[in-house]
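I have placed the structure first, in the form of structure tokens, so that the comments after it can refer back to it.
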Amino acid sequence: MITEHAVLEVVPGREDAFVESMEQAKALIAASPGFVSLRVERCVERPSRFLLLVEWDRLEDHTEGFRGSAAYDDWRAALHHFYDPFPVVEHFETVVTA
């Protein structure tokens, strides 16, 4: 399993609108082949900062499947205008658990 990780810096004052848009947009990603789960967390100390964690079966399910789909175009239209700066997206594999 692969975990997609992105720190989302949302334009201050647009946090509530971002959360509402994410609530709507989550169905777009959840319908993608290889999607496992999505979690969005809000930073306690910096309320304009959010953490996006998406689990995928394989890296390619995100990088080729979702990003190459029409659903990604809709995801981008719904969410990307909230970010400043645009986030760096990285992918992780589990190496230790407890």
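Among the residues of the range 57-67, is any of a type in the set (Lys, Arg), touching a strand residue (DSSP E or B) at 6+ places or on another chain (Cβ under 6 Å) and at pLDDT 95 or above? The answer is no; no qualifying residue exists. Screening the range 1-53 for residues that are part of a loop (DSSP other than H, G, I, E, B) and of a type in the set (A, V, I, L, M) and picking the one that is nearest to Tyr72 (Cα to Cα) gives Ala31. Would you say Arg39 is without any contact (Cβ under 8 Å) to a residue 24 or more places away in the chain and touching a strand residue (DSSP E or B) at 6+ places or on another chain (Cβ under 8 Å)? In short, yes.
Ala27 fulfils the conditions (1) within 14 Å of the chain's Cα centre (by Cα); (2) in contact (Cβ under 8 Å) with a residue 60 or more places away in the chain except for a single criterion, (2).
Here is the figure for the range 44-56: residues that are charged (D, E, K, R), over 13 Å from Ala30 (Cβ atoms) and touching a strand residue (DSSP E or B) at 6+ places or on another chain (Cβ under 7 Å) total 1. In the range 34-65, of all residues being in contact with a Gly (Cβ under 8 Å, 6 or more places away or on another chain) and buried (at least 16 other Cβ atoms within 10 Å of the Cβ), the one that is farthest from Ile2 (Cα to Cα) corresponds to Gly65.
The values are calculated or read from the model by the stated rules, or taken from the named source; none is laboratory data. A quick note: this is a predicted structure, and the numbers were derived from the prediction, not measured. Note that we place each Cβ from the backbone using ideal geometry, even for glycine, and neighbour counts take in every protein chain shown.
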